[in-house]
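Visitor: I'd like to ask you about the structure that follows.
The values are calculated or read from the model by the stated rules, or taken from the named source; none is laboratory data. What you are looking at is a predicted structure, and each value in this text was computed from that prediction instead of being measured. Ideal geometry is used to build each Cβ from the backbone, glycine not excepted, and the neighbour counts take in all protein chains shown.
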Ligand SMILES: *Cc1c(COP(=O)(O)O)cnc(C)c1O
């Protein structure tokens, strides 16, 4: 079912990718399982194989469940069309493989998600792609690093671990002067709080594992392309045999329905938690672009419609037993990877890898995800854990 563009995104979240009339009246699109799709006649079989109609011929190209999620996410992101992948990282790497070939130059922000950096430095370099990192806060000055053979300029805003907001429109302008593609990891804001295609992005990635699934029970990625990037993305996805399982797709569709309600609560709790942590004497700095005073605040206000519940906190240097006391006394925050689920997390981060702008902070770096618990309880739990640090001050 196509949802008219005049509806706002909360309405899209509820209705997109649903077609009860095609599924015996069922409100939700079922989890279709299948590889083989049978045809009733030779003519029907031949029509299923027509170019531009791949979804009709084989399960690897998708089922009604796949299409439901792809059309819903493409509409939310504001792009032309989307494809699903078995993880967020697979969506990132296959999008890059769709666009890059040997001899190309590709630019990545120094603040990029660690595994994306790892892929660029191992696989892309091995393929003969010239990989270069840039200062995430560079803005229009990226023009000096863009070359005639620059094919991809990757953006992730705010950056993983350190939350630098990027001037995506200015970077896109410089990239498009040499016809490079702007590829964005838009997981932090989700399409609700950042509209990538309105800001010059050509291909936008969601690690749906995070807020879209929202319940820490599935891994999934979605890549959405504009018309210019779509053919290349679709070809590469098919060439690599990328697909996602029906149960994970179903869970992502279910997560979408409540995405806006959840995200607004993550935003609110994340702000209150960040503000309360910023006032604690053991905290050196809170890295949250929606806090006035954060270096990314003005760009965040200009380009984003909201903030998610993920931010980082740089603590004052403390010895190891202090950090143990802090983590072991947290009752509501789990220690674990990923984020975007209903439950709060607090993760000790390694010092960020940097090629361009060194990370100078010497104390521990924490990544905090504000979940859907009572915010008062979260603030109390965090404050009492931070208080445990004070005896080492
Ligand atoms: C988690 C994450 C990914 C990768 O998603 P997976 O589903 O875990 O592979 C990509 N980008 C960002 C910013 C992430 O946080």
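Visitor: Determine whether residue 172 is surrounded by fewer than 24 Cβ atoms within 10 Å (Cβ to Cβ) and more than 12 Å from the ligand (Cβ to nearest atom).
Guide: yes
Visitor: For the range 96-138, give me each residue that is within 16 Å of the ligand (Cβ to nearest atom) and part of a loop (DSSP other than H, G, I, E, B).
Guide: 110, 111, 112, 113, 136 - these are the residues of the range 96-138 that are within 16 Å of the ligand (Cβ to nearest atom) and part of a loop (DSSP other than H, G, I, E, B).
Visitor: Could you run through the range 235-245 and say how many residues are at pLDDT below 95 and crowded, with 19+ Cβ neighbours inside 10 Å?
Guide: Here the count works out to 0.
Visitor: Residues being in contact (Cβ under 8 Å) with a residue 60 or more places away in the chain and assigned to a loop (DSSP other than H, G, I, E, B): count how many of those fall in the range 20-78.
Guide: Of the residues in that region, 9 qualify.
Visitor: While we're on this one: Being in contact with a strand residue (DSSP E or B) (Cβ under 6 Å, 6 or more places away or on another chain), within 22 Å of residue 339 (Cα to Cα) and either assigned to a loop (DSSP other than H, G, I, E, B) or within 10 Å of the ligand (Cβ to nearest atom) (or both) is the filter here, so list the residues in the range 189-206 that pass it.
Guide: 205, 206
Visitor: Mind checking which residues of the range 175-188 are away from the ligand (no atom under 14 Å from the Cβ) and within 9 Å of the chain's Cα centre (by Cα)?
Guide: none
Visitor: Give the residue that is farthest from residue 324 (Cα to Cα), with candidates limited to residues of the range 367-376 that are out of contact with any helix residue (DSSP H, G or I) (no Cβ under 6 Å at 6 or more places or on another chain) and surrounded by 17 or more Cβ atoms within 10 Å (Cβ to Cβ).
Guide: 371
Visitor: Here's a follow-up. Among the residues that make up the range 70-79, is at least one of them assigned by TED's automatic domain parsing to the domain that holds residue 151 and within 16 Å of the ligand (Cβ to nearest atom)?
Guide: yes
Visitor: Going by the conditions given, is residue 364 within 19 Å of residue 159 (Cβ to Cβ), surrounded by 14 or more Cβ atoms within 10 Å (Cβ to Cβ) and within 16 Å of the ligand (Cβ to nearest atom)?
Guide: Considered against the rule, which asks whether it is within 19 Å of residue 159 (Cβ to Cβ), surrounded by 14 or more Cβ atoms within 10 Å (Cβ to Cβ) and within 16 Å of the ligand (Cβ to nearest atom), residue 364 comes out as no.
Visitor: Filter the range 195-214 down to the residues that are surrounded by fewer than 21 Cβ atoms within 10 Å (Cβ to Cβ) and free of Cβ contacts under 8 Å to residues at least 60 places away in the same chain and list them by number.
Guide: 200
Visitor: What is the one condition in (1) in the same structural domain as residue 202 (by TED's automatic domain parsing); (2) under 23 Å from residue 78 (Cα atoms) that residue 240 does not satisfy?
Guide: Evaluating residue 240 over (1) in the same structural domain as residue 202 (by TED's automatic domain parsing); (2) under 23 Å from residue 78 (Cα atoms) leaves (2) as the failure.
Visitor: Please report, ordered by residue number, the strands (runs of 3 or more DSSP E) entirely within the range 245-357 with at least 2 residues that are away from the ligand (no atom under 16 Å from the Cβ).
Guide: Here the list reads 283-287, 310-315.
Visitor: For the range 218-247, which residues satisfy the criterion of being free of Cβ contacts under 8 Å to residues at least 40 places away in the same chain and closer than 29 Å to residue 26 by Cβ?
Guide: Hit for the range 218-247 is 218, nothing else.
Visitor: Are any residues in the range 215-231 away from the ligand (no atom under 14 Å from the Cβ) and surrounded by 18 or more Cβ atoms within 10 Å (Cβ to Cβ), and if so, which ones?
Guide: Passing the criteria: 224, 225, 226, 229, 230.
Visitor: Please enumerate the residues belonging to the range 80-95 that are more than 11 Å from the ligand (Cβ to nearest atom) and either outside any helix (DSSP H, G or I) or buried (at least 24 other Cβ atoms within 10 Å of the Cβ) (or both).
Guide: Listed by number, the residues that qualify are 80, 81, 82, 83, 84, 95.
Visitor: Can I ask one more? Out of all the residues in the range 372-381, is one or more in contact (Cβ under 8 Å) with a residue 12 or more places away in the chain and part of a loop (DSSP other than H, G, I, E, B)?
Guide: Yes: the range 372-381 contains one or more residues that are in contact (Cβ under 8 Å) with a residue 12 or more places away in the chain and part of a loop (DSSP other than H, G, I, E, B).
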